[in-house]
Amino acid sequence: MKNTFYSQRFSIAPMLKRTDRHCRYFFRKLSKNTLLYTEMISPNAIMHAKNDYLAYNDEEHPVALQLGSSNTALLAYCAKLAELRGYDQINLNVGCPSQRVQKGHFGASLMGEPMLVADCVKAMRDVVSIPVTVKTRIGIDDSDSYKFLYDFVSIVAEKGGCDNFIVHARKAWLSGFSTKENREIPPLDYSRVYKLKRDFLKLTISINGGIRNLDEAKVHLQYLDGVMIGRAAYQNPYILAEVDRVLFNCSNTVQLDLITIVRSMYPYIEAELTKGTCLGHITRHMTGLFQKIPGSRKWKHYLNENAYKPDADIEVLEKALSLISI
């Protein structure tokens with residue numbers, strides 16, 4: 001059943017080979033209000049792959065599907081399909097700088113074609129009633145002036161009808177840097193995103209990039225509508241356990257016990273094991289839960305060594321938990 005509360009205030013970034021359905025289910029155990037995103041998925045994969053790329057668990061709500069494409073017809077078809085499947089939001093990736101993505105004519109390179117991005121957004125908005133948002137950068141290559149960003153947002157908002165942007169506060173280099181380097185080397189410019197919000201007060205503007213904890217998130221929320229955190233939360237999932245209390249003012253939030261969190265996953269894990277899912281495909285998202293707690297390295301090492309074995313089951317997690325000292 002859908003979570004009726006929906007907000008862009010705090011979200012977990014779409015991360016390739018990270019935010020799959022098992023990861024999202026686990027994250028939802030930690031926070032009821034955080035907006036979760038799928039990995040970036042291409043419409044071709046949705047339409048032609050053997051796997052069901054739109055599969056998710058009802059407990060994941062609110063959950064957004066991120067699409068990567070510049071084909072308006074395919075985007076519209078998949079957006080409508082996602083709405084019928086119950087997704088809460090569609091997001092268009094205009095921020096990924098990888099060479100593979102560029103060859104597919106989508107991702108960050110589309111910042112240079114704002115009218116095409118507007119057409120993509122409009123095509124999806126024309127067929128769905130759920131929000132269609134754009135995740136982008138502050139610039140690409142030498143097109144990194146504030147005017148370039150302003151013009152991009154202005155065109156996509158006016159011509160495409162997009163009223164919700166998530167901005168990674170770094171520009172992207174389309175050549176010379178790897179995807180990983182593009183997440184770390186181009187300097188952050190938070191002030192540019194703040195200015196964007198001041199110039200587009202009616203738009204929902206969220207910020208992403210280099211945000212490490214909820215204290216930093218609270219600072220950004222003084223100027224913006226939302227904060228998106230990626231790898232910092234993936235590496236230390238317990239950040240999410242404080243989100244509902246700290247950022248959503250949920251007075252009824254109880255202190256989450258880490259051991260209880262792990263064991264609350266058991267029914268889901270057992271159901272997945274009966275379907276043939278490998279235990280390690282679920283627990284790989286949980287290894288950072290006990291960061292800075294005595295035994296955390298042993299916990300992580302034991303899961304990495306044993307969760308991928310053919311007969312791995314709940315007993316592997318129980319053994320790993322015995323190595324933690326709380």
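The values are calculated or read from the model by the stated rules, or taken from the named source; none is laboratory data. What you see is a predicted model; the values in this text were computed from it and never measured. Heads up, the Cβs are rebuilt from the backbone with ideal geometry, glycines too, and the neighbour counts pull from every protein chain shown. Quick note on the areas: whole protein, heavy atoms, side chains included, nothing else; ligands and nucleic acids left out. Shrake-Rupley method; radii C 1.70, N 1.55, O 1.52, S 1.80 Å.
Pairing each residue of the stretch 212-223 that is free of Cβ contacts under 8 Å to residues at least 24 places away in the same chain with any residue that is open to solvent by less than 60 Å² (accessible area, probe 1.4 Å), provided the two are 6+ apart or on different chains, yields C-beta distances under 7 Å for Arg212/Ala232.
Residues in the stretch 217-233: is at least one at pLDDT below 95, under 22 Å from the mean Cα position of the chain (by Cα) and in a loop (DSSP other than H, G, I, E, B)?
no
Here is the figure for the stretch 156-177: residues that are free of Cβ contacts under 8 Å to residues at least 60 places away in the same chain, within 22 Å of Val101 (Cα to Cα) and under 20 Å from the mean Cα position of the chain (by Cα) total 5.
Answer yes if at least one residue in the stretch 122-133 is open to solvent by 40 Å² or more (accessible area, probe 1.4 Å), touching a residue at least 24 places away in the same chain (Cβ under 8 Å), touching a strand residue (DSSP E or B) at 6+ places or on another chain (Cβ under 8 Å) and part of a loop (DSSP other than H, G, I, E, B), and no otherwise. Checking the stretch 122-133: at least one residue is open to solvent by 40 Å² or more (accessible area, probe 1.4 Å), touching a residue at least 24 places away in the same chain (Cβ under 8 Å), touching a strand residue (DSSP E or B) at 6+ places or on another chain (Cβ under 8 Å) and part of a loop (DSSP other than H, G, I, E, B).
For His105, the conditions (1) within 19 Å of Ser143 (Cβ to Cβ); (2) outside any loop (DSSP other than H, G, I, E, B); (3) open to solvent by 10 Å² or more (accessible area, probe 1.4 Å) are fulfilled apart from (2). Evaluating Ile326 against the criteria (1) open to solvent by less than 20 Å² (accessible area, probe 1.4 Å); (2) outside any helix (DSSP H, G or I); (3) more than 22 Å from Glu59 (Cα to Cα); (4) of a type outside the set (Phe, Trp, Tyr) leaves one unmet condition, (1). Annotation: Leu75 fulfils all but one of (1) open to solvent by less than 20 Å² (accessible area, probe 1.4 Å); (2) within 28 Å of Gly276 (Cβ to Cβ); the unmet one is (2). All of Lys309, Lys300 fail the test of being outside any helix (DSSP H, G or I) and charged (D, E, K, R), apart from Lys309.
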